[in-house]
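Everything below concerns the one structure shown next.
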Amino acid sequence: MPLTSECLILSALLFGLGVAGFIFKRNLITIFMAVELMLNAVNLAFVAFSRVWGMDGQVFVFFVIVVAAAEAAVGLAIIILIARNRQSLNVERVDFLKL
Amino acid sequence: MLILRYLWIIPALPLLGAAINGLAGMFLPRWPNKAVSAVALGSTGLSFAAVLELVREFVHYAPYPLPWVRQYFTWIAAGDFRAGFDLQLDQLTIVMLLVVTGVGWLIHIYSTGYMAREGGYYRFFAYLNLFTFFMLVLVLAANFALLFVGWEGVGLCSYLLIGFWFLKRSASDAGKKAFIVNRIGDFGFMLGMFLLYRTFGSLDFRAVFGQASSLPAESFGQFGLLTVVCLLLFAGATGKSAQLPLYVWLPDAMEGPTPVSALIHAATMVTAGVYMVARSHTLFRLSPTALFVVAAAGAATALFSATIALVQNDIKRVLAYSTISQLGYMFLACGAGAFAAGIFHLMTHSFFKALLFLAAGSVIHALGGEQDMRKMGGLAGRVRWTWLTMLMATLAIAGAPGFSGFFSKDAILLAALGGAHGGVWLYAAGLFTALLTALYMFRLLFLTFHGQPRFDEHQAHVHESPGSMLAPLMILAVLSVAGGWMAAPEFWGGSSYFERFLAPVFGAAAEAAPASAEIQKFAAIAAGVALAGFLLAWAFYLWRPEAPRRLAGSLRAAYDLLLHKYFVDELYGAVVVRPLLWLSTNLFWKAVDSAGIDGAVNGVAASAAGLGDRVRRVHSGNTRSYAVWVVIGALAVIAVIFWPLLREALAPGAVTGMVR
């Protein structure tokens, strides 16, 4: 199944992009988008595998989408709060865990 | 059969009393002294009543075979080893039970009067009852392990009661001294027990003595297994019973309240060593060497401490050295093979020595705390009952014919000369000690009660003691006078009842009793010696009161030697205590403990703190650095999972395969 391996390669590329964006970007919104990108890369991998091993992967995709939606709601709420408190979306300034 | 079956009732009652008084006194804000007295007297009195009932049952049912052993529960079980809470009963135990509960109860009564105005009243009686409990466990125990429990327990109570006035420096020091010196002896005792277990595979008296009695006796001078065991056990006895060389704690133990001195340091606890040796007579009989050591140590101690007692000025210290001397007599008897005589002297001694201490306490009470005999004198008419009872006790200990001490001492002296392991030197030492005993006891009596009053009349307010103190004195006086007749030999119209009573334990006397002319001769000698002591004391302290000082002046060196107790405390201080203290301070404390152990512990803590300080920097609070760590971690996990595949891909063969 050549298509499957190409799908997986695409998934890996997307995931790598997500990781890179997650690490190197400063804007919280962008980082958040990178997280979504990684999730969807995994979704793609699930769908690709489900072509080989049955429908379980697609069921998982739905779960991931639901969880991602919930996560988006929570994450965006946190980001809005940070933006209000810090007047900035720069991740460098979100360091108040530090002692 | 009630008490015979439930022997544990006897020790349990004082334990209950101790628990009630201790807990109530500590936690109830108002636990009246009357309640303390009622509980303490009630529990020990009931225990005494139980012993009396036990004696009745013992005579009535004659439980057979002896010893009558009851096993209540298993205390230690490890592999083949078993030590149970097993109590046993035989004639020896009965004698000890009667002494411990009977004399103990009288001293409890006395204490309610003597301690009435002291603080910590409940504490005193809780300790005293606890002591009675441990002492009863000691004499009832059916194996060495349980005996050791009682042994250590009475040591603990002794420590607590010597240091009863713990705010007084000398009292708390004396308590510690007693405890530590006893520990040295206990070390020997424990080694002896280990060796017994190794040899016989058990610590039960029945098993050990049963197996031992089939072993051949060792010859004199042979240091076989049994000799070593006996000597180790005897080391424990020298600690507990204050014999050379471990006697030094007993004189200092007089810092405790006087009833404590009477109960623990005269009548009961210090006789535990004698009891233990008598209990192990099967072992000792097989080892002439050990018996010789016991007899020699006893004779030496008797003589040694009697000479010290001659010149002491503190009334209780004289009695303390006298106690050591009399304990030496008991060991002398045991060492000569006359265990029954030793136990008999133990019993009569517990009567008259308890009486002496209690009467001395009454004198101290009358003079408002004065213990120095140089500041007494002329008290006979002022405290008539105390004087009378003290006189009875003095006659008894000096060995006046017909009094209890006469019979017990006579039996010991006879055994020392003619016993299975006796000898002329033992007899000579015993006889000379008898002379010294009469001398220092009458010196005490004359200095205290006769001659010119030397106390400050306005300060002293001399008064006779209350009835609660006098009643025990009188009962003990009757026992001191008459207690000897139960062992009076046939010659005196008695029936040697005591010896025959103990015969099932110790076996009948090995050799035929000496002819009555012989007994008569020795009794006359002993009585003559006692009379000589009395006359000497009379001459020195009543007839020519200035003579002692002149004699001390002309024999200055000897007098100083005796007054300073042969400098034994100083010797031990220089030879044992100070080197140990130096070693402990510089090696064990500063080098091993501070530098070694503390250093290791602190080092571990410091290195953990340092490591934590380094690792802390990873938690920068910077969110993106966390992200990097997450990625690195994920990569590491993936690398581990896929390592086999990766290795195959990187293997040289794989590369060539790809090329092909």
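Read-outs: derived from the displayed coordinates by stated rules, not from any lab. The structure presented is a predicted model; accordingly, all values stated were derived computationally and were not measured. Here the Cβ positions follow ideal geometry from the backbone for every residue, glycine too, while neighbour counts run over all protein chains shown.
A straight line joining the Cα centroids of the stretch B:153-232 and the stretch A:46-78 runs 80 Å. Taking every Cα-Cα distance in the protein assembly as shown and sorting them into 10 Å bins starting at zero, the pair-distance distribution P(r) comes out as 3, 12, 19, 18, 11, 5, 3, 5, 7, 7, 5, 3, 1, 0 percent. Sorted from longest to shortest, the spans of the Cα atoms of the stretch B:252-381 along the three principal axes equal 52, 25, 24 Å. Treating each Cα of the stretch B:530-581 as one equal point scatterer and applying the Debye formula with no solvent, the log10 of I(q)/I(0) at q = 0.13, 0.14, 0.25, 0.28 Å⁻¹ comes out as -0.51, -0.55, -0.93, -0.99. Working from Cα pairs under 8 Å separated by at least six residues, relative contact order for the stretch A:2-93 is 30 percent. Considering only the Cα atoms of the stretch B:128-241, their convex hull presents on average a projected area of 7.7 nm². Candidate cross-link partners of B:K521 among the lysines, defined by an alpha-carbon separation under 20 Å and a same-chain spacing of 8 or more, comprise B:K409. Classify the stretch B:94-166 from the C-alpha gyration tensor, please: rounded if a/c falls under 1.5, else prolate or oblate depending on whether a/b exceeds b/c. Cα axes put the stretch B:94-166 in the oblate bin.
From Cα pairs below 8 angstrom and at least 6 apart in sequence, can you work out the relative contact order of chain B, rounded to a whole percent?
Once divided by the residue count of chain B, the mean separation gives 11 percent.
When Cβ neighbours within 10 Å are restricted to other protein chains, what is their mean count per residue of peptide B:621-632?
4
Evaluated at q = 0.15, 0.18 Å⁻¹, the base-10 log of the normalised Debye intensity for the stretch B:508-609, with identical point scatterers placed on the Cα atoms, takes the values -0.89, -0.98. Partner shielding of A:11-21 amounts to 1, given as the average count of beta-carbon atoms from other chains within 10 Å of each residue beta-carbon. Expressed as a fraction of 2.2 N^0.38 Å, the value expected for a compact globular protein of N residues, the C-alpha radius of gyration of chain B is 1.23.
With Cα atoms as the point set, the stretch A:2-93 shows a radius of gyration and Dmax of 15.6, 51 Å. Once Rg and the Kirkwood radius are both taken over the C-alpha atoms of the stretch B:157-316, their ratio Rg/Rh works out to 1.04. Computed from the C-beta positions of B:D593 and B:L561 and an R0 of 41 Å, the FRET efficiency is 0.50 to the nearest 0.05.
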